[in-house]
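Have a look at the structure below, then the notes.
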Amino acid sequence: MKNQNLVVLLLCICVYILGCKPKAAETTTETAEAPPPTMTKQDSIKRGAYFVTIMGCNDCHSPKIFTKAGEMLFDSTRLLSGHPAGDPDPSLGKKGSTTPQEGIVAGIDFTSYVGPWGRSFAANITPDVTGVGEWTFEQFKKVLTEGKFKGMDGGRPIMPPMPWFNFKHLQEEDMRMIWAYLRSVKPISNKVPEYIPPSK
């Protein structure tokens with residue numbers, strides 16, 4: 001009798017296990033086959049704007065406006081247009097000096113810098129021809145991953161304070177969203193001055 005009860009119990013367990021397995025497998029298959037949500041072009045642009053904001057691109061690439069209270073705001077009419085052509089260089093405090101006596105000197109709106117590397121100016125990254133209007137995505141990617149000026153092989157490196165060495169860890173998908181956003185902003189004509197090496 002005990003053996004019969006044991007056999008019945010084992011049969012019930014087997015039926016239960018066999019009855020559950022297909023459901024579990026079915027659920028796994030359904031989950032694996034569920035297509036990932038697709039992003040529209042607008043979604044990509046919006047996500048790119050988010051990256052540009054949290055990565056601080058406007059901090060260097062956008063001219064600033066200062067309120068009477070001393071608050072610094074991005075100039076919404078010139079977002080991402082780089083160092084304004086014709087604006088003065090950062091003051092070095094000593095006539096004829098080509099590098100600061102100590103540390104680094106920033107221009108009045110933090111779009112130009114002077115340091116041991118020379119004088120650097122934040123680039124225009126709007127889709128104007130004076131900015132990135134004629135660039136390809138591959139050039140943009142090279143700027144972020146290899147620190148190449150204008151993404152050109154054999155060109156000079158990008159100068160500080162551009163932190164490309166941090167951005168090189170971005171996934172390509174994220175870079176493409178940033179690129180989509182930059183292509184969507186208002187083109188602003190602004191020919192940024194050329195980099196000046198310390199020797200000059």
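Only one of the listed residues (178, 158) is of a type in the set (Val, Ile, Thr), within 20 Å of residue 53 (Cβ to Cβ) and surrounded by 12 or more Cβ atoms within 10 Å (Cβ to Cβ). That residue is 178.
So, in the range 132-155, of the ones that are among the small types (Gly, Ala, Ser) and touching a residue at least 12 places away in the same chain (Cβ under 8 Å), which residue ends up surrounded by the most Cβ atoms within 10 Å (Cβ to Cβ)? My answer is 151. All of (1) in a loop (DSSP other than H, G, I, E, B); (2) farther than 23 Å from residue 158 by Cα; (3) in contact (Cβ under 8 Å) with a residue 12 or more places away in the chain hold for residue 69 with one exception: (3).
Yes or no: residue 193 touching a Phe, Trp or Tyr at 6+ places or on another chain (Cβ under 9 Å), in contact (Cβ under 8 Å) with a residue 12 or more places away in the chain and surrounded by 13 or more Cβ atoms within 10 Å (Cβ to Cβ)? Criteria met by residue 193.
Residue 173 fails exactly one of the following numbered conditions: (1) crowded, with 17+ Cβ neighbours inside 10 Å; (2) of a type outside the set (A, V, I, L, M); (3) at pLDDT 95 or above. What is the number of that condition? Going through the list (1) crowded, with 17+ Cβ neighbours inside 10 Å; (2) of a type outside the set (A, V, I, L, M); (3) at pLDDT 95 or above, residue 173 breaks only (1).
Condition (residue is farther than 19 Å from residue 193 by Cα, among the basic types (Lys, Arg) and either modelled with pLDDT under 95 or surrounded by 14 or more Cβ atoms within 10 Å (Cβ to Cβ) (or both)) applied to the range 58-67: is it met by at least one residue? There is no residue in the range 58-67 that is farther than 19 Å from residue 193 by Cα, among the basic types (Lys, Arg) and either modelled with pLDDT under 95 or surrounded by 14 or more Cβ atoms within 10 Å (Cβ to Cβ) (or both).
Out of all the residues in the range 164-200, which are among the hydroxyl-bearing types (Ser, Thr, Tyr) and closer than 11 Å to residue 47 by Cα? Listed by number, the list holds a single entry, 181. If you go through the range 17-44 and pick out every residue that is surrounded by fewer than 10 Cβ atoms within 10 Å (Cβ to Cβ) and modelled with pLDDT of 90 or more, you end up with 2. When the residues of the range 75-120 are filtered to those that are loosely packed, with under 14 Cβ neighbours inside 10 Å and under 12 Å from residue 193 (Cβ atoms), the one that is modelled with the highest pLDDT is 86. The lone criterion from (1) assigned to a helix (DSSP H, G or I); (2) surrounded by 10 or more Cβ atoms within 10 Å (Cβ to Cβ); (3) at pLDDT below 95 left unmet by residue 47 is number (3).
The values are calculated or read from the model by the stated rules, or taken from the named source; none is laboratory data. Note that the structure is predicted; figures quoted are calculated from it, not measured. Neighbour counts run over all protein chains shown; Cβ positions are idealised from the backbone, glycine included.
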